[in-house]
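Q: This structure is in structure tokens; I'll ask about it shortly.
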Amino acid sequence: MPHRYPQETVLRDGRKVLLRPFTERDVDELYAFFQRLPLDYRRFAWDPIESHALIETWGRNIDYAKVFPLLAVDGHRIVADATLHRRDGGPLRLVGRIKWMIDPEYRGVGLGTMLVNQFIDIGRENGLRHMSCMLISDLEADAVKTLQELGFDSYVVRGYGTDPDGNQHDMTKLVLKL
């Protein structure tokens, strides 16, 4: 699934980042990126990113056709990790699911939009029919708004998510027809 990488891009504030796929060589730096994120952000991650062993597993088992992990790198520091997930078969085999984590210092400058647009292009090139994403409605309101501006339809499911403390959160399902 990789195409046209590495690719340098300029953010709205003038900073440049390099977009490129995650490789096994990136395990330690990706782990360091996750640990630099504020605890309030890490605790809502989809995976237990405090586990170095998990990141090592990702590095050993890369299958770009199944999960395409895209990094944004500033110098030697990873500043964002985004993934496009695909299923091999079944009714959702033509749907790409997007997840991402962005360093707080790089939010609000177009990086999230840029990563999502990369995945939209990849999805179209690979015959996907839809892109989807699930976000915590209140905590990720800015990301919900960004995806809506990109044409994603949104559906709120009340109390669908549960935080680590057991509190319920509304979740917003976002879907883009390609």
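Q: Just to verify a number: FRET efficiency for residue 142 and residue 177, C-beta to C-beta distance, R0 = 30 Å, to 0.05?
A: With a Förster radius of 30 Å, E is 0.85.
Q: I would also like to ask the following. What lysines sit close enough to residue 145 to cross-link, taking a C-alpha to C-alpha distance under 23 Å and skipping anything fewer than 8 places away on the same chain?
A: Candidates past the 8-residue exclusion: 99, 173, 177.
Q: How about residue 66: which aspartates and glutamates have a C-alpha closer than 12 Å to its C-alpha, ignoring those fewer than 8 places off in the same chain?
A: List returned: 88.
Q: Right, another one. What is the dipole size for the chain, taken about its Cα centre, with +1 at each Lys and Arg Cβ and -1 at each Asp and Glu Cβ, in debye to the nearest 20?
A: My answer is approximately 680 debye.
Q: Measuring from the lowest to the highest alpha carbon on each principal axis, how far does the range 109-158 reach, largest first, in angstroms?
A: Each principal axis gives a Cα extent; for the range 109-158 these are 33, 27, 14 Å.
Q: So, one more: Can you work out the Karplus-derived ³J(HN,Hα) for every residue in the range 32-40? Use 6.51 cos²θ - 1.76 cosθ + 1.60 with θ = phi - 60°, whole Hz, and x for glycine or proline.
A: Result, ordered by residue: 4, 4, 4, 6, 6, 5, x, 3, 4 Hz.
Q: Set Lys and Arg Cβ to +1 and Asp and Glu Cβ to -1, take the dipole of the range 79-118 about its Cα centre, and tell me which of 109, 91, 80 lies farthest positive.
A: Value computed over the given set: 91.
Q: Right, another one. Do me a favour and compute the ellipsoid semi-axes for the chain from its Cα gyration tensor, root of five times each eigenvalue, largest one first, whole Å.
A: With the √(5λ) rule applied to the chain, the semi-axes are 22, 20, 18 Å.
Q: Right, here's the next one. Just to check I understand the Karplus step: with θ = phi - 60° and J = 6.51 cos²θ - 1.76 cosθ + 1.60, what whole-Hz values come out for the range 108-123, glycine and proline as x?
A: Using θ = phi - 60°, the values come out as x, 10, x, 5, x, 4, 4, 5, 4, 5, 4, 5, 4, 4, 4, x Hz.
Q: For a bin width of 10 Å, list the pair-distance distribution of the range 49-107 built from all Cα-Cα distances, rounded to whole %.
A: Per 10 Å bin, starting at 0, the Cα pair percentages come out as 20, 44, 29, 6, 0.
Q: Still on this structure: Under a point spin-label approximation (7 Å from Cα along Cα-to-Cβ), what is the residue 88-residue 16 distance to one decimal in nm?
A: 4.1
Each reported figure results from applying straightforward, stated rules to the coordinates on display, with no laboratory input. Predicted model, so just to flag it, every value in this text is computed and none were measured. Cβ atoms come from the backbone with ideal geometry, glycine included; neighbour counts cover every protein chain shown.
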